[in-house]
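**Student:** Quick one: structure below, then a few questions.
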Amino acid sequence: MEETKKQNMEKIPDKLPVIPTMDVVVFPHMIVPLLVLDEQIIKGIEESLENSKKVILLATREQADGYQGPIGVQDLHEIGTVASIMRLVKLPEGGIKILVQGIVRAEVKEILTDEEILFVKLKPIYLETKAEDANKTEAQMKNITSLIEQMSNSGKIFGPDSQIIISQMKDPEKIIDFTLSHLNLDTSASQDLLEEKNLSNLLEKIYLELTKKLEISKVQEKIQLNARDSINKSQREYYLREQLKAIQKELGDDVDSDLEIIKKRLEETPLSQEAYSEAYKQFKRLEKIPPDSMEYTVLRNYLDWVVSLPWGIYTKDNLNIINAKKILDDDHHGLEEIKDRILDFLSVKSLKEDCHTPILCLAGPPGVGKTSLGQSIAKSIGRKFCRLSVGGVHDESEIRGHRRTYVGSMPGRFIQAIKKAGSSNPLIMIDEIDKIGNDYKGDPSSALLEVLDPEQNNTFYDNYLGLSYDLSKVMFITTANDLSTIPAPLRDRMEIIELSGYTHNEKIEIAKKHLVKKSIKNYGLEEKHLKIDNDTIDQIVLNYTREAGVRQLERLIQKLCAKFARSIIEENKPLNFTPKNLAKFLGNPLIHHHNNSHKNRIGVSNGLAWTPYGGEVLQVETQLMPGSGKLILTGQLGDVMKESAQAALTYARAHADNFEIARKSFTEFDLHIHLPAGAIPKDGPSAGITLLSAILSALTCRPINGDFAMTGELNLQGEVLPIGGLKEKILAAKQEGMKYIIIPKSNAIDLEKLGEAKKGINIILVDNVSEVLDKVLMPKSIIA
């Protein structure tokens, strides 16, 4: 064998032109036709024909496959096959077709390029064999020839004469190359086998590929056999079913009664022209399908959905403004803005029947009555009510419906809601729209764009129905806690109505008029037996709740009702709840009003923050320590708040002389700003004046008046800029017992809308931070 290799090596030139091959790897002894269109490659072939008639075939790498431009050296594998050109035919439309036969594996050692032809220096590769692997190699060869025998007998991959051809071959390499040429592997796997230099390893890889092909062949054969059996069985069942129909007809049983019912419903339902055409087409298909097949069930369910929808059915709106106002006022305390908007809509509806229905978004903290308000609105205008919660929905199919090709498919939530309501103009409340998600299954918020667009939703397309349905008469009301998480295009389609938290007195009124009565009814009690007076409710609100809404208040009232019911059952004795004995039933007060917020302290100021769940009093702590002038920020601050702190420090440095601060204080000391409750993320620009007050207090050793809370964005000129969430912030300051609150003068217009919320606290309007500092910074001697 070694002598043969040397003889072969002498026949192989060390320099040959390159032919790139795409989608094929040529092995030694393998004969393949190749179509060549590239002029540079054709010139290389012509050069070869004049000399050795040999070329080297190099397969393209994966990233070059499908590329239409010129193929570079970097796109080719380093190991290929030296081949002999057996035949060449020039094509009339240009290009040539050649027939080549692989001779030996070869590795590229050097690339030689001139202006026209790509040449490479190469070295032939022969499979490495080790003396100690001789027995193993012999066993592997026997295994491979055995597999080829099995496959040739079945006519799969190898032809019937393959076994004879292999038996006449003595050289293992020829057997290997013959086998590889028949395996029909993908390019990557073929290249891997071509590059394997160890004979034993190559035989092992070939054996695995042959085993895999044999198993696939067996599975295919089994599938084909099962398919033939299934077809024969189906034909037999069809014949028997037709016989059964004839017998039942003779006996007087109407086997087509189910189809007759569907047909009758199709004719009676006032479908749109599009819906009727599609439904009738599917009905005709249903008539031809065996009743016990899965497709019959799918089509039957589909037609059920189509005829069950309230096509053209509308409830009449209650246009009595006075009655609608009474219903809204009876069910909810306050919330005047949303009530006015509903009454405005009813007024317009009275004048113009086909006016656009508003799409409203109720935004506010939890527990302020957003969801229950939807039921009251539906009741006041006389519409059916449906509620959909889209919080956490990730699949677009939840909105548009699943295609009927999927098992268990069904229409989207809006079509389901329409069916449940039984009318085409219900009020649909989309709850928690700010918490909708998206993932690889689609973006539900994008699907909602069509639903909530008055210009598009008259032809809302559901994937399950495969039809358009008119949603333009539906009144949509959405709810959200945080508007910032709603995508801008979706937010633009809605009319935003912000619901603020309730004041202390409003909570007492809501409890007295609604929560107590509701809890008494739900717990099977009677109002004449259980009394909870205003003073008791006042103490519950003051000492046991800290929330913008009334959910916790309702839970506490329910707890008292449960205690009352237990006392009646166990002791047959009613309870009397008073402010003095509340702790006995509700535990110790949860809210402590005497805290450090009101102390006059150096470097500590009281800010106000807005959250989706209401307002908060936020303390800013500042501490100086020897250092090099670094600013340290802690408390999980966001980027905007960090920038506010930097702006406040810049203002303090720029005006140090005005506050009698030594310049070296900014270079010899580090400034640490911390906002307590470090586990809670904090962000926003409205703490600007709070941060500056704390910084200047620490640098001047002047305490800050603890009776003040403040909010306002600060710029480098010292101007106080407007902020948002004013009502929530004022309510938080009042609940914390603050006497004064400082806000930007630009927010003066917002005060007019606050009503009762601004009572009981002194509100100071400022334009410049100097006005803030004059109020809050106290002389050095005053610390309380």
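**Student:** Count charges around Val120 for me, please; just the other residues with Cβ under 9 Å from its Cβ, Lys/Arg as +1, Asp/Glu as -1.
**Tutor:** Values: positive: Lys15, Lys109, Lys121; negative: Glu110.
For residues surrounding Val120, the net value is +2.
**Student:** Here's a follow-up. Please list, by residue number, everything in segment 487-507 whose backbone N is under 19 Å from a paramagnetic label point 7 Å out along Cα→Cβ of His394.
**Tutor:** Residues 487 fall inside that zone.
**Student:** Rank these for me by crowding, Arg493, Arg387, Arg403, going from fewest to most other beta carbons within 10 Å.
**Tutor:** Arranged by neighbour count, lowest to highest, Arg493, Arg387, Arg403 become Arg403, Arg387, Arg493.
**Student:** Compute the helix-to-body angle for 39-50: its Cα long axis versus the longest principal axis of the chain, expressed 0 to 90° and rounded to tens.
**Tutor:** On a 0 to 90 degree scale, this one is about 20.
**Student:** About the Cα centre, and with charges only on the beta carbon of Lys, Arg (+1) and Asp, Glu (-1), how big is the dipole of segment 551-590? Nearest 20 debye, please.
**Tutor:** Taking the Cα centre of segment 551-590 as origin, the dipole is about 120 debye.
**Student:** Put +1 on the Cβ of every Lys and Arg and -1 on every Asp and Glu Cβ in the chain; which of Pro270, His504, Thr145 then has its Cα farthest towards the positive end of the dipole?
**Tutor:** Looking along the dipole axis, the top candidate is His504.
**Student:** Among Ile98, Ile436, which comes first, second and so on when ranked by fewest other beta-carbon atoms within 10 Å?
**Tutor:** By the 10 Å Cβ count, ascending, the order reads Ile98, Ile436.
**Student:** Also, quick follow-up: Find how many whole Å separate the alpha carbon centroid of segment 253-321 from the alpha carbon centroid of segment 465-528.
**Tutor:** 36 Å
**Student:** Same structure, new question: Could the peptides 333-341, 727-735, 755-763 be put in order, highest first, of the mean number of other beta-carbon atoms found within 10 Å of their residues?
**Tutor:** By packing density, highest mean first, the sequence is 727-735, 333-341, 755-763.
**Student:** Right, next: For the pair Lys11 and Asn198, how long in nm is the line joining their label points, each one 7 Å along Cα→Cβ?
**Tutor:** 3.0 nm
**Student:** I would also like to ask the following. Which order results if Met710, Met625, Met641, Met169 are arranged by neighbouring Cβ count within 10 Å, fewest first?
**Tutor:** Met625, Met169, Met641, Met710
**Student:** Based on DSSP, what percent of beta bridges with both residues in the chain are antiparallel, to the nearest 5?
**Tutor:** 60 percent
**Student:** Hey, which of these cross-link pairs are over 22 Å Cα-Cα: Lys559/Lys682; Lys563/Lys734; Lys379/Lys517; Lys136/Lys174; Lys379/Lys727; Lys325/Lys384?
**Tutor:** Pairs exceeding 22 Å: Lys559/Lys682; Lys563/Lys734; Lys379/Lys727.
**Student:** Loop only by DSSP, 16 or fewer other Cβ within 10 Å of the Cβ. Give me the trypsin sites (Lys or Arg not before Pro) in segment 550-583 that pass, ordered by residue number.
**Tutor:** Here the sparse-neighbourhood loop sites are Lys580.
**Student:** Kindly work out what percent of the DSSP beta bridges joining two residues of segment 601-776 are antiparallel, to the nearest 5. Walk me through the intermediate numbers first.
**Tutor:** On the way: 19 of 33 bridges.
Expressed as a percentage, antiparallel bridges in segment 601-776 total about 60.
**Student:** Could you give the spread of the C-alpha atoms of the chain along their three principal axes, from largest to smallest, in whole angstroms?
**Tutor:** So the extents along the principal axes, rounded to whole Å, are 109, 103, 60.
**Student:** How far is helix 294-308 tilted off the main Cα axis of the chain, in degrees rounded to 10, range 0 to 90?
**Tutor:** Taking Cα atoms only, the helix is inclined about 30 degrees.
**Student:** Moving to a separate point now. What does the charge dipole of segment 669-784 about its Cα centre add up to, to the nearest 20 debye, if the Cβ of each Lys and Arg holds +1 and the Cβ of each Asp and Glu holds -1?
**Tutor:** Magnitude of the dipole: close to 320 debye.
**Student:** Where does the charge balance sit around Lys563 when Lys and Arg score +1, Asp and Glu -1, over other residues with C-beta under 11 Å from its C-beta?
**Tutor:** Working: positive: Lys559, Arg566, Lys584; negative: Glu570.
Around Lys563, the charge tally is +2.
**Student:** Next up: Once the dipole of the chain is set up with Lys and Arg at +1 and Asp and Glu at -1 on Cβ about the Cα centre, which of Leu560, Gly688, Val82 lies farthest towards its positive end?
**Tutor:** Leu560
**Student:** State to the nearest 20 debye the size of the charge dipole of the chain about its Cα centre, where the only charges are +1 on K and R beta carbons and -1 on D and E beta carbons.
**Tutor:** It works out to roughly 3060 debye.
**Student:** Hey, another quick one. In degrees from 0 to 90, rounded to the nearest 10, what is the angle of the helix 134-154 Cα long axis to the longest principal axis of the chain?
**Tutor:** Computed tilt is about 90 degrees.
**Student:** When the label point is put 7 Å from the Cα of Ile680 along its Cα-to-beta-carbon vector, which residues of segment 715-743 have a backbone N closer than 18 Å?
**Tutor:** Counting only backbone N, you get 724-738.
**Student:** Report relative contact order for the chain in percent, whole number only (criteria: Cα-Cα under 8 Å, sequence separation at least 6). Could you put the intermediate results ahead of the total?
**Tutor:** On the way: 1324 pairs, mean separation 57.0, N = 784.
RCO, the chain: 7 percent.
**Student:** If each residue of separation counts as 0.36 nm, what is the full-extension length gain between Asn522 and Lys573 once their alpha-carbon separation is subtracted?
**Tutor:** 16.4 nm
**Student:** Still on this structure, please answer the following. If you take the beta carbon distance between Leu716 and Asp329 as r and set R0 to 41 Å, what does 1/(1 + (r/R0)^6) give as a FRET efficiency, to the nearest 0.05?
**Tutor:** Numbers: r = 49 Å, r/R0 = 1.20.
Efficiency, rounded to the nearest 0.05: 0.25.
**Student:** I'd like to know which of Gly72, Ala279, Ala189 lies farthest towards the positive end of the charge dipole of the chain, counting +1 on Cβ of Lys and Arg and -1 on Cβ of Asp and Glu.
**Tutor:** Going by the Cα projections, it comes out as Ala279.
**Student:** What distance in nm separates the simple spin-label points at Glu756 and Glu455, each placed 7 Å from Cα in the Cβ direction?
**Tutor:** Once both label points are built, they end up 4.3 nm from each other.
**Student:** Find the centroid of the Cα atoms in segment 618-660 and in segment 184-219, then give the distance between the two in whole Å.
**Tutor:** So the separation of the two Cα centres works out to 69 Å.
Read-outs: derived from the displayed coordinates by stated rules, not from any lab. Everything quoted here is computed from the prediction, not taken from an experiment. Cβ: placed from backbone, ideal geometry, glycine included. Neighbour counts: every protein chain shown.
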